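Colleague: I have a structure I would like to understand better, so I am pasting it below and will then ask my questions one at a time.
No value in this document is a laboratory result; all are computed from the given coordinates. Every value quoted in this text rests on a predicted model; they were computed, and no experiment measured them. Cβ sites come from the backbone with ideal geometry, for glycine too, and all protein chains shown count toward neighbours.
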Amino acid sequence: MGRPEEAIHAYKKAIRLNPFPPTNWIYGLGIAYLFTGQCEQAIEQCLKAIHLEPKSVLNHVTLTAVLGACGREEDARSQAKELLKIQPNFTVEYFGKRLTNKNDADKELILDGLRKAGLK
């Protein structure tokens with residue numbers, strides 16, 4: 001992403017223009033909020049994504065990472081249990097290899113959030 005403030009604007013516009021936005025836009029907005037330190041908004045968007053698509057692994061991964069990165073470790077651990085029900089073989093290492101973030105600090109924030117949730 002690299003420019004989360006711009007991403008927030010772009011995601012909000014895309015969501016506003018599409019009455020049925022894909023959940024990756026919604027959790028993407030959540031991640032952009034996380035990268036700007038707006039934890040409550042990040043969590044809110046991730047919860048919306050899960051509400052719309054409750055079986056999505058990426059929705060659960062994103063909420064778990066956001067909760068962990070925002071210091072809500074107990075909630076993150078609870079969410080990690082839900083993630084593992086859907087994807088029992090999930091590992092932070094495997095997921096990290098597939099992240100496409102160009103900014104290493106952003107990538108590490110997500111991975112650290114997953115680790116804080118007790119995922120390995």
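Colleague: Pull up all non-local amide H partners of Asn101: gap of 5 or more, or a different chain, and H-to-H distance under 5 Å with H placed in the peptide plane.
Modeller: none
Colleague: So, counting K/R as plus one and D/E as minus one, what does the shell of residues with Cβ under 13 Å around Lys102 add up to?
Modeller: Working: positive: Arg3, Lys107; negative: Asp104, Asp106, Glu108.
Summing Lys and Arg as +1 and Asp and Glu as -1 gives -1.
Colleague: Give me a comma-separated list of calculated 3J(HN,Hα) values for segment 21-26, in order, Karplus coefficients 6.51, -1.76, 1.60 applied at θ = phi - 60°, integers in Hz, x for any Gly or Pro.
Modeller: x, x, 5, 5, 5, 6
Colleague: Match the structure shown to one of the listed values (i) -0.75, -0.97, -1.11; (ii) -0.56, -0.84, -1.07; (iii) -0.52, -0.77, -0.97 of log10 I(q)/I(0) by the Debye sum over Cα atoms at q = 0.14, 0.17, 0.19 Å⁻¹, computed from it, and give that label.
Modeller: (iii)
Colleague: Continuing with this model, one more query. Would you kindly derive the ³J(HN,Hα) couplings of segment 85-91 from the backbone phi angles with the Karplus curve 6.51 cos²θ - 1.76 cosθ + 1.60 (θ = phi - 60°), listing them in order in whole Hz, with x for Gly and Pro?
Modeller: Values, residue by residue: 5, 7, 10, x, 9, 4, 9 Hz.
Colleague: Let me ask another. Counting Lys and Arg as +1 and Asp and Glu as -1, what is the net charge of the other residues whose Cβ lies under 14 Å from the Cβ of Ala7?
Modeller: Values: positive: Arg3, Lys12, Lys13, Lys102; negative: Glu5, Glu6, Asp106.
Net local charge, Ala7 excluded: +1.
Colleague: Which lysines, on any chain, are close to Lys55 with Cα under 17 Å apart, when same-chain ones fewer than 8 places away are left out?
Modeller: Lys81, Lys85
Colleague: Quick check: the distance between the Cα centres of segment 17-62 and segment 75-92, to the nearest angstrom?
Modeller: Taking the Cα centre of segment 75-92 as reference, the centre of segment 17-62 is 17 Å away.
Colleague: Relative to the longest principal axis of the chain, what angle (0 to 90°, nearest 10) does the C-alpha long axis of helix 39-52 take?
Modeller: Its long axis makes an angle of about 90 degrees.
Colleague: So what J values fall out for segment 55-68 if you push phi through Karplus, 6.51 cos²θ - 1.76 cosθ + 1.60 with θ = phi - 60°, rounded to Hz, Gly and Pro as x?
Modeller: 9, 6, 4, 5, 4, 6, 4, 5, 4, 4, 5, 5, 4, x
Colleague: Hey, another quick one. Extending each Cα 7 Å along its Cβ direction at Lys55 and Arg3, get the distance between those two points in nm, one decimal.
Modeller: In this crude spin-label approximation the distance works out to 3.9 nm.
Colleague: Can you give the angle from 0 to 90° between the axis of helix 4-17 and the longest principal axis of the chain, with both taken from C-alpha atoms, to the nearest 10?
Modeller: Relative to the chain, helix 4-17 is tipped by roughly 70 degrees.
Colleague: When only DSSP loop residues count, what trypsin sites (Lys or Arg not before Pro) in segment 1-59 have their Cβ near at most 12 other Cβ atoms within 10 Å? Walk me through the numbers on the way to the answer.
Modeller: On the way: sites: Lys12, Lys13, Arg16, Lys48, Lys55; in loops: Lys55.
Of the trypsin sites (Lys or Arg not before Pro), the ones in loops of segment 1-59 whose Cβ has at most 12 other Cβ atoms within 10 Å are Lys55.
Colleague: Check the cysteines of the chain one by one and keep only those with no other cysteine Cβ under 4.7 Å from their own.
Modeller: Cysteines lacking a close Cβ partner in the chain: Cys46.
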